[in-house]
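The values are calculated or read from the model by the stated rules, or taken from the named source; none is laboratory data. Given the structure is predicted, the values throughout are model-derived calculations rather than measurements. Here the Cβ is made from the backbone with ideal geometry for all residues, glycine too, and neighbour counts use every protein chain on show.
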Amino acid sequence: MCGMKSTSLVVKANRLVQASYKLELVEQRVMEMAIAWSRLHVEQLTVETWIELSVAEYVDLYKSDAKSAYRQLRQAVKNLRLRTLVIEGVDLQTGKSSTLETGWVNSILYVPDAGLIRIQFSTAIVPCISQLEEQFTSFKINSIIGLSSAYSIRLYELLKQYEKIKKRSFELQELREYLEATDTAYDRMDNLKSRVIDKAVDQINIHSDLTVSYTAQRRGRFIIGFDFFIDSKEKSKALLSSSSSNSKPTVLPVAALSIAEKSMLRDLAAKTGRSEADLLAEARKQSVDVFLALDAMTKR
């Protein structure tokens, strides 16, 4: 099997991005790696699927200390098995709003002599990363490699979800809950801004594929929320412009696509009656990221 790459995609249903949970930095990284690995290697993800986490790949991606990496991963997946998250949705039987409290991981298998840890996702998590016909958020794993706080990764995902809209607003309490910045120290607005929001925004601007700024929403002298403004980095825009200017753009063969991209392409071809090659050529002209272009085409 091919190994994990920094350009591997992490793809999550929006309901998972917006779920309420708290993960530490290594736990966040483990989940992103696990999701990216499943997308690369698994055609039909189930609760029985073992997801492989390689210590060597973790060290390579995050430039971590090789001597302590296995211990860090072992503790992180152990914590993940105990962590809970809350997903808001709709009850299929009644059609009423529902709140699901669930976990991330069902089982863990340790193989220390091989530098491997294997996990099985929980029943509720599997459809959030495998059944992605619509309403999902995706990003390359190298977009978060340089983010060194759990707040930064969490805020990045929430803003990435609204990248095309270019703005996302949060009420103050809503943002606190999303980021799990509920310590009493963060009751002070200067602490919340300097230790959580400003730090996260700075890291996102330096290390990710987004450029972010924000302003406070005020009622009188009190801050009641925040407006975040989101844009793609100029490098991505330059790549897109260069791709669009070519009269004969290079088209990736269908065989080079990931499992998720192939599935999306097949479904789109069946829906439109057009050939997969024709659809892929159109997607490649529209965007340097074929996965996002195909997603946009399915929503027309």
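Brief remarks on what is shown
- Condition check for V30: assigned by TED's automatic domain parsing to the domain that holds Q120, buried (at least 17 other Cβ atoms within 10 Å of the Cβ) and aliphatic (A, V, I, L, M): yes
- Qualifying position, being β-branched (V, I, T) and farther than 24 Å from N142 by Cβ, among I206, I224, I230, I197: I224
- Conditions (1) more than 13 Å from the chain's Cα centre (by Cα); (2) surrounded by fewer than 20 Cβ atoms within 10 Å (Cβ to Cβ); number of the one not met by L53: (2)
- Residue satisfying all of: in segment 62-101; crowded, with 16+ Cβ neighbours inside 10 Å and hydroxyl-bearing (S, T, Y); modelled with the highest pLDDT among these: Y70
- Complete set of residues in segment 34-54 that are touching a strand residue (DSSP E or B) at 6+ places or on another chain (Cβ under 7 Å) and in a helix (DSSP H, G or I): A34, I35, A36, W37, S38, R39
- Some residue of segment 129-140 being modelled with pLDDT of 90 or more and within 16 Å of L16 (Cβ to Cβ): no
- Taking segment 63-114 as the region of interest, the strands (runs of 3 or more DSSP E) fully inside it that hold 1 or more residues being in contact with a strand residue (DSSP E or B) (Cβ under 9 Å, 6 or more places away or on another chain) and closer than 17 Å to Q18 by Cβ are 84-90, 97-103.
- Residue within segment 5-12 that is under 24 Å from V90 (Cβ atoms) and part of a helix (DSSP H, G or I) present: no
- Residue match in segment 181-191 (condition: among the charged types (D, E, K, R), surrounded by 13 or more Cβ atoms within 10 Å (Cβ to Cβ) and not assigned by TED's automatic domain parsing to the domain that holds L45): no
- Criterion violated by V59 - all others in (1) in a helix (DSSP H, G or I); (2) free of Cβ contacts under 8 Å to residues at least 24 places away in the same chain; (3) in contact with a strand residue (DSSP E or B) (Cβ under 9 Å, 6 or more places away or on another chain) satisfied: (3)
- A single member of A114, A124 is over 23 Å from R83 (Cα atoms) and either in contact with a Ser or Thr (Cβ under 8 Å, 6 or more places away or on another chain) or at pLDDT 90 or above (or both), and it is A114.
- Options E157, E163, E171: the member that is closer than 21 Å to K22 by Cβ, in contact (Cβ under 8 Å) with a residue 24 or more places away in the chain and surrounded by fewer than 19 Cβ atoms within 10 Å (Cβ to Cβ): E171
- Odd one out for R118 among (1) more than 22 Å from the chain's Cα centre (by Cα); (2) part of a strand (DSSP E or B): (1)
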